[in-house]
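**Q** The structure's right below; bear with me while I get my questions together.
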There are 2 protein chains.
Amino acid sequence: MSERLIVVSTDCHAGLPIADYKPYVESKYHEVMDMAVPVQVEMMDKASESFLIKEINDAWREPIRSELTGAWDYKQREKMLAQDGISAEIIFPDGITEQNTPPFGAGLGLSPRQAVPELQWAGAMAHNRWLAELCANDPARHLGVASIPLLFDVQQAVEAVRWCVDNGLRCVMIPTMWLEHDPYHHTKYDPFWEVCEDLGVVIHFHSGPAPHPEYFGPEWPTVDNSEQLPGAMGAYVSEVMWWLYRPLTFMIWGGVFERFPRLKAMIVEGGTLFMIPPWLRLLDHNYTDVQFSAKLGDFRSHLSMAPSEYFARNCGIGASCVPRADLDIRDVIGAELIMWGSDFPHPEGTWPNTAEYYKQTFADFPEDAGRKILGENAINFYGLDRNHLAEVAAEIGPTNELFH
Amino acid sequence: MSERLIVVSTDCHAGLPIADYKPYVESKYHEVMDMAVPVQVEMMDKASESFLIKEINDAWREPIRSELTGAWDYKQREKMLAQDGISAEIIFPDGITEQNTPPFGAGLGLSPRQAVPELQWAGAMAHNRWLAELCANDPARHLGVASIPLLFDVQQAVEAVRWCVDNGLRCVMIPTMWLEHDPYHHTKYDPFWEVCEDLGVVIHFHSGPAPHPEYFGPEWPTVDNSEQLPGAMGAYVSEVMWWLYRPLTFMIWGGVFERFPRLKAMIVEGGTLFMIPPWLRLLDHNYTDVQFSAKLGDFRSHLSMAPSEYFARNCGIGASCVPRADLDIRDVIGAELIMWGSDFPHPEGTWPNTAEYYKQTFADFPEDAGRKILGENAINFYGLDRNHLAEVAAEIGPTNELFH
């Protein structure tokens, strides 16, 4: 007999069209927001010109234009989740195609590049306020990832985490790149890790950030240098995953998960999964290769476990739109660490073809592993209300026939 | 019957004690050199404190102190090569332990960080002049790697390459990190690639450079921040190889080896070899994964081959002090790309225990593969004079008994 599955997407996105954030921005920033938004819109236009081929994007967007409002409209979002069979979702900022991103560069990645700290905080908190309202529609189904510009002020970040928890948010995103700020092995961040551990807040890194000016030219996105910089996109897509893993390289070596053993961190939409085992193998190699490293002094005795053991205990992988080939190496990675995501509503996501994706990807797949990757791993990792989600799934979940 | 092997070390170092470079520095820079050298010495002292445990280093150095002069004294160097059974060597700058490095930060890595372009050029050319003299003792055995601060001035670099060839040097090293300068996919560097291809000059990247201030603190090496930055060395050793491969990521995607199909490049002392196959697999993945990348536009049609094919055709791997475990995956990497190095006179090198290293590493190893890795690959890659080297090896080479 067929049974409906609880599917959790660990990679969904939501955000208001940028100008609509105004009511959520503190009024003292309204004037500067009116000036800043047109500039940010122009930059987004330029950036998307170099990142999305217009014809392909327009062809994708045309038939689903009205449904893309699901990135901010709750009723439309419920329909999308029902169509996709998704019972619960982790929600990052930025719908992208509709320019629905928080003002002041407070969107995905939270880049400190050219950011004004006070304004990025203002934009981030505006998004967090709106996100808390969106998720309050059904907190067991919608886990919003709050934006925390940690690099600028650790104490402010600690207070923001408390605000998030008080307002029903228990996931946060911090910058993937620190640029000239202190990296995450610095002990100054300990109060932040501590409050996240204490309050059960999961830290997230979402793929995308990388040193764009190196690939695309110092004046990117305002100047198109593609003639002088052939293959820039190839270099970018070949490095972006390294920049995503990098915060964990620093956190693991820095002993963050040693001092805060219940802290949890997710890396999301990192592309192909086959680079995770070699990355961890390299970290372990440097942890165990005593002969080589003796002359470098002791950089290990503060760690009671090998790097890959912290990763397995404390971390999770948001495997957005994961292809079958990557799932076939699940046991090398650790099948329980892999959590599927739809990446709604990004053009590279499975929506609006998620039903077809399920069939193509999971046909003749072991049901037990498939259930874990599609939902059960996320239920455990995030501590979701399984009973409530089972009720939702009974209405909208795909059936286990997809494994046959 | 036993037979002596031609061994080529693709990773040796040579350099005068810093102050002794003065006669090789243009006289107009002597005054500023007198001021700069004490500062550089102090920085080297501080840096080596954080990189080399003094007790371990001193214990290593004590019995071989007089022999370390082989880093600049030709007679002593000949003895070392004979002891090690090395018939030919590729010579990078920097002996390190004896502070034998060119002035003005023109040593290994050629970092543009805080460099004064005119002075770094002056220091680099001083080293190149001295190196040309050293190698002139027996050009078939000693291949000096000239230092070329390419980032600052492409035309000056082109002229420097011509000077090198005129003076018997046909290997060059360019900066591994470009920082705020243009990366190596920029077509502005084409005249440099062109002159190297035309004159048969091999480009080298040597491991070591990485963004040290990120690991060790913004004031490194003058301020010791190790208390606030636990595990900094772990993060460094886990990333340094990525920074070494990075120039090739940009050169391959940039189509450099497409436009200059006879250009050759070496990555040297990158640590464990097991990261090379996943790195190339990732590049190939991004080259072939059409579905994902269609929306990103065309970043491939300027490349007629997959990235790993350029690597196999145009690149070589300086496998310094390579352990047996890495040699066991030689066929995954491409056995003909792997070229052994002794790393003389660095403390992590095989010298003064190279004979013992040969036995430990190559016992019960296939002789054909062993001969290639120890010397024949380098003879082919660099186009060395095999007959001359065979004569040298007949006197000093280790015998093929080491494979039994």
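**Q** Quick check on my filter: what residues within the stretch A:148-169 are out of contact with any strand residue (DSSP E or B) (no Cβ under 9 Å at 6 or more places or on another chain) and either closer than 22 Å to residue A:135 by Cβ or not aliphatic (A, V, I, L, M) (or both)?
**A** To start, the set of residues in the stretch A:148-169 that are out of contact with any strand residue (DSSP E or B) (no Cβ under 9 Å at 6 or more places or on another chain) comprises A:149, A:151-156, A:158-159, A:162, A:165-166.
Result: A:149, A:152, A:153, A:155, A:156, A:158, A:159, A:162, A:165, A:166.
**Q** Within the stretch A:191-210, is even one residue within 20 Å of residue B:177 (Cβ to Cβ) and facing chain B (nearest Cβ under 8 Å)?
**A** Looking for residues that are within 20 Å of residue B:177 (Cβ to Cβ) and facing chain B (nearest Cβ under 8 Å), one finds none in the stretch A:191-210, hence no.
**Q** Go through A:81, A:68, A:110 for me and flag whichever is touching a Ser or Thr at 6+ places or on another chain (Cβ under 7 Å) and closer than 24 Å to residue A:317 by Cα. Don't jump to the end; show me each part of the working.
**A** Values: A:81 fails: touching a Ser or Thr at 6+ places or on another chain (Cβ under 7 Å); A:68 fails: closer than 24 Å to residue A:317 by Cα.
From the options A:81, A:68, A:110, the qualifying one is A:110.
**Q** For the stretch B:155-180, how many residues meet the condition of being part of a loop (DSSP other than H, G, I, E, B) and farther than 15 Å from residue B:243 by Cβ?
**A** Qualifying residue count, the stretch B:155-180: 5.
**Q** Any residue at all in the stretch A:271-294 that is farther than 19 Å from residue A:240 by Cβ, touching a residue at least 40 places away in the same chain (Cβ under 8 Å), crowded, with 16+ Cβ neighbours inside 10 Å and among the small types (Gly, Ala, Ser)?
**A** Within the stretch A:271-294, none of the residues are farther than 19 Å from residue A:240 by Cβ, touching a residue at least 40 places away in the same chain (Cβ under 8 Å), crowded, with 16+ Cβ neighbours inside 10 Å and among the small types (Gly, Ala, Ser).
**Q** Do the conditions hold for residue A:144, that is, is it crowded, with 19+ Cβ neighbours inside 10 Å and on the phi > 0 side of the Ramachandran plot?
**A** Values: crowded, with 19+ Cβ neighbours inside 10 Å: yes; on the phi > 0 side of the Ramachandran plot: no.
When the stated conditions are applied, residue A:144 does not pass them.
**Q** With the checklist (1) away from chain A (no Cβ under 11 Å); (2) assigned to a helix (DSSP H, G or I); (3) more than 16 Å from residue B:175 (Cα to Cα) in hand, flag the one item residue B:213 doesn't pass.
**A** Tallying (1) away from chain A (no Cβ under 11 Å); (2) assigned to a helix (DSSP H, G or I); (3) more than 16 Å from residue B:175 (Cα to Cα), residue B:213 fails exactly one: (1).
**Q** Output the qualifying pairs, or none if there are none: Cβ atoms under 8 angstrom, residues six or more apart or on different chains, first residue in the stretch B:222-237 and farther than 13 Å from residue A:250 by Cβ and more than 9 Å from chain A (Cβ to nearest Cβ), second residue surrounded by fewer than 21 Cβ atoms within 10 Å (Cβ to Cβ) and among the basic types (Lys, Arg).
**A** What qualifies is B:222/B:46.
**Q** For the stretch A:39-50, enumerate the residues that are touching a residue at least 60 places away in the same chain (Cβ under 8 Å) and in contact with a helix residue (DSSP H, G or I) (Cβ under 7 Å, 6 or more places away or on another chain).
**A** Step one: filter the stretch A:39-50 for residues touching a residue at least 60 places away in the same chain (Cβ under 8 Å), giving A:40, A:43, A:46-47, A:49-50.
Selection gives A:40, A:50.
**Q** Something else now. Taking residue A:125 and the conditions (1) within 16 Å of residue A:24 (Cα to Cα); (2) in a helix (DSSP H, G or I); (3) in contact with a Cys (Cβ under 8 Å, 6 or more places away or on another chain), which numbered condition does it fall short on, given that it satisfies the others?
**A** Unmet for residue A:125, out of (1) within 16 Å of residue A:24 (Cα to Cα); (2) in a helix (DSSP H, G or I); (3) in contact with a Cys (Cβ under 8 Å, 6 or more places away or on another chain): (3).
**Q** Tell me which residues, restricted to the stretch B:138-159, are farther than 30 Å from residue B:87 by Cβ and either touching a residue at least 40 places away in the same chain (Cβ under 8 Å) or out of contact with any Lys or Arg (no Cβ under 7 Å at 6 or more places or on another chain) (or both). Reasoning before the result, please.
**A** Applying the first criterion (farther than 30 Å from residue B:87 by Cβ) to the stretch B:138-159 yields B:149-159.
Residues satisfying the conditions are B:149, B:150, B:151, B:152, B:153, B:155, B:156, B:157, B:158, B:159.
**Q** For the stretch A:90-122, name all the residues that are aliphatic (A, V, I, L, M) and either part of a helix (DSSP H, G or I) or touching a strand residue (DSSP E or B) at 6+ places or on another chain (Cβ under 7 Å) (or both).
**A** Within the stretch A:90-122, A:90, A:91, A:106, A:108, A:110, A:119, A:122 meet the criteria.
**Q** Still on this structure, please answer the following. Just give me the residues in the stretch A:21-60 being surrounded by 11 or more Cβ atoms within 10 Å (Cβ to Cβ) and polar (S, T, N, Q), in sequence order.
**A** A:40, A:48, A:50, A:57
**Q** It is to be established whether one or more residues within the stretch A:63-82 are touching a His at 6+ places or on another chain (Cβ under 7 Å) and either closer than 30 Å to residue B:298 by Cβ or among the polar types (S, T, N, Q) (or both).
**A** Of the stretch A:63-82, the ones touching a His at 6+ places or on another chain (Cβ under 7 Å) are A:71.
Now restrict to residues that are either closer than 30 Å to residue B:298 by Cβ or among the polar types (S, T, N, Q) (or both): A:71.
Checking the stretch A:63-82: at least one residue is touching a His at 6+ places or on another chain (Cβ under 7 Å) and either closer than 30 Å to residue B:298 by Cβ or among the polar types (S, T, N, Q) (or both).
**Q** Of these, B:93, B:63, B:112, B:102, which one is over 20 Å from residue B:354 (Cβ atoms) and either among the polar types (S, T, N, Q) or surrounded by fewer than 24 Cβ atoms within 10 Å (Cβ to Cβ) (or both)?
**A** Numbers: B:93 fails: either among the polar types (S, T, N, Q) or surrounded by fewer than 24 Cβ atoms within 10 Å (Cβ to Cβ) (or both); B:63 fails: over 20 Å from residue B:354 (Cβ atoms); B:102 fails: either among the polar types (S, T, N, Q) or surrounded by fewer than 24 Cβ atoms within 10 Å (Cβ to Cβ) (or both).
It is B:112.
**Q** Would the stretch B:319-335 turn up any residue that is crowded, with 23+ Cβ neighbours inside 10 Å and closer than 28 Å to residue B:286 by Cα?
**A** Of the stretch B:319-335, the ones crowded, with 23+ Cβ neighbours inside 10 Å are B:319-320, B:322.
Next cut, closer than 28 Å to residue B:286 by Cα only: B:319.
Yes: one or more hits.
Only the coordinates and a few stated rules stand behind these numbers; no lab work does. Keep in mind that what you see is a predicted model, and the values were worked out from it rather than measured. For neighbour counting, all protein chains shown are included, and Cβ atoms are generated from backbone atoms with ideal geometry for every residue, glycine included.
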